[in-house]
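Some notes on the structure that comes next.
The values are calculated or read from the model by the stated rules, or taken from the named source; none is laboratory data. None of the values given here were measured: they were computed from a predicted structure. Glycine also receives a Cβ, built like all others from the backbone with ideal geometry; neighbour counts cover every protein chain displayed. Surface accessibility is based on the protein's heavy atoms, side chains included, excluding ligands, DNA and RNA. Shrake-Rupley method; radii C 1.70, N 1.55, O 1.52, S 1.80 Å.
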Amino acid sequence: MVFKRLLIAAALILFAATFASAKKQKAGGVKTAVESKVAAQAKDKGKEKAAKKADKKAAKKQKGKKDSKAADKSASDDAAASKEQTEQANDSADEEDSEENPEENWQILEWEDENSRLALRYDVIIEQRDKRGKFLPLLKLETKDNTTQVKIEPPLKPGFYRYSVVSYNLFGVAKAQSDWEEFPIYRAYKPRVTDVSVDVNLSSNIYLDYKNDGIISFGGRNLFMPPEGLDDTSFTNYVLRTSAGRVVKPLEILEHSDNDRKIQFKFDMNDLDVGKYSLLATDASGLTNDSESGNLLTVRFKKWMDFNISAGYVCPIVLFDDTISEYFETTIFPLGGTARMTWFPFKRRWGNLGVGISASYTWMKMEKQQYSLNSNLATAHLYFAYSHPFFNKRLSLEAHVGAGVTALLGYCFEFENNIKSDPQTSMNISAMAGAAAQVFVFKRLYVELCADFVMFFIPDDMTFGAVLPSASVGWQF
């Protein structure tokens, strides 16, 4: 009697706990998550076997060819027939892949339930969305125990579905049902990219030295069109990606083959800078193409560096310091020459970076009735330069900044009867900044206009500043 009472009490306690759990489940719902996105995975085995078979037939036929012209012609016909058979076999294999049913290995649906220990089993209700957007009942699956996953049998075809999970308490009574969760099943085809061709030169290189239209073609397999609507279950997305992870999206698709083996894009050339790119193709299920040697696009300058040499006329104009104007009675010295060499080893779409050296030499003279003053102004600077071409590289603008030395050489007074003071030289550190424009008039021959500001510091608190405008002729190597 006591045992019966204890048994009834335990049953009541268990029922109460189960009821509370079910109530809690109704409030929060059963958390669900889909872990299946497999559908119809494309396989290349059939294509490979067909190709090998065709190659063997061609080898056997070519082995028995004769030296006569008739035999040569026969062998040629056999080779052409073999190639045609190989292409037909590949196309046939592609068709078989496209008609292949969803992958029948497994499709698993999983969910989470914090109180699964108090559940006896679960029902999973699956509905499919039709073309009108309405969901219709499709499957009802049952678990054998309180395992929070179920194998979907028969496997679902590509499409759009939703599901809900019903939990049963230990008495086999349905007590909670989760909210409906939508999920897609995509047709899975692994893309493959094996060939790159730039439209302007039919190679895998884009040379930024020349005009480019941004049209690039890619070859491979399973290169489908991007999604055209929300109901697409088979599509491929494309981007160009560098090894550093930078992504460039195409502007538009110009051509696409019916057998999904070739696709042509147009890219914005302003988005493509120096570097190596590969086409990343991602199908609807998330499968991406593997890295292959043929899938490599190189963007670079065919002429990887520029070396400019110029020489011409310079006319220094002293801007400040009264010492020069006081002794020479002028601030303009028109008798001078200059030379520059600039090397640009770092070329990018946004401009070129380089280093250079410049030098100038100017004769300074002042004459009076009783005496004359003679000197020479010399400058030499090492600088960093930035340049950017314009108008299809017919014009190049440059900015540069650097440091070096500026010197007043051999300044002396000369009097009548050939009497001279001892020549003096002053050489001091100076800073330089300037700009230049090169106009290319014939091939690599250019005319250069330049203006540099030079400031050099002389002891005893003398600060000399001048601008050096120049006109030169140069050649770019």
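Scan the strands (runs of 3 or more DSSP E) fully inside the stretch 212-276 and keep the ones with 1 or more residues being under 15 Å from Thr288 (Cα atoms).
Values: elements: 215-221, 236-242, 252-256, 262-266.
Ranges flagged: 215-221, 236-242.
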Checklist entry - Taking the stretch 222-239 as the region of interest, how many residues are open to solvent by less than 40 Å² (accessible area, probe 1.4 Å) and under 13 Å from Ile185 (Cα atoms)? => result 2
Checklist outcome for this item: For the stretch 406-425, pairs from a residue that is closer than 27 Å to Ala466 by Cα to a residue that is assigned to a loop (DSSP other than H, G, I, E, B), with Cβ under 8 Å and 6 or more apart or across chains, are Gly410/Pro423; Tyr411/Pro423; Cys412/Ser421; Cys412/Asp422; Cys412/Pro423; Phe413/Ser421; Glu414/Ser421
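Evaluate the following for Leu254: is it modelled with pLDDT of 95 or more and either loosely packed, with under 15 Cβ neighbours inside 10 Å or under 14 Å from the mean Cα position of the chain (by Cα) (or both)?
On the way: modelled with pLDDT of 95 or more: yes; either loosely packed, with under 15 Cβ neighbours inside 10 Å or under 14 Å from the mean Cα position of the chain (by Cα) (or both): yes.
In short, yes.
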Next on the checklist: For the stretch 123-148, give me each residue that is of a type in the set (A, V, I, L, M) and either open to solvent by 70 Å² or more (accessible area, probe 1.4 Å) or touching a residue at least 40 places away in the same chain (Cβ under 8 Å) (or both).
Outcome noted: Val124, Ile125, Leu136, Leu138
Next on the checklist: I want to confirm something. Restricting to the stretch 344-387 and keeping residues that are surrounded by fewer than 16 Cβ atoms within 10 Å (Cβ to Cβ) and among the polar types (S, T, N, Q), which single residue is modelled with the lowest pLDDT?
Outcome noted: Gln369
Checklist entry - In the stretch 174-198, which residues are touching a residue at least 60 places away in the same chain (Cβ under 8 Å), part of a loop (DSSP other than H, G, I, E, B) and open to solvent by 30 Å² or more (accessible area, probe 1.4 Å)? => result Asp179, Tyr186, Arg187, Lys190
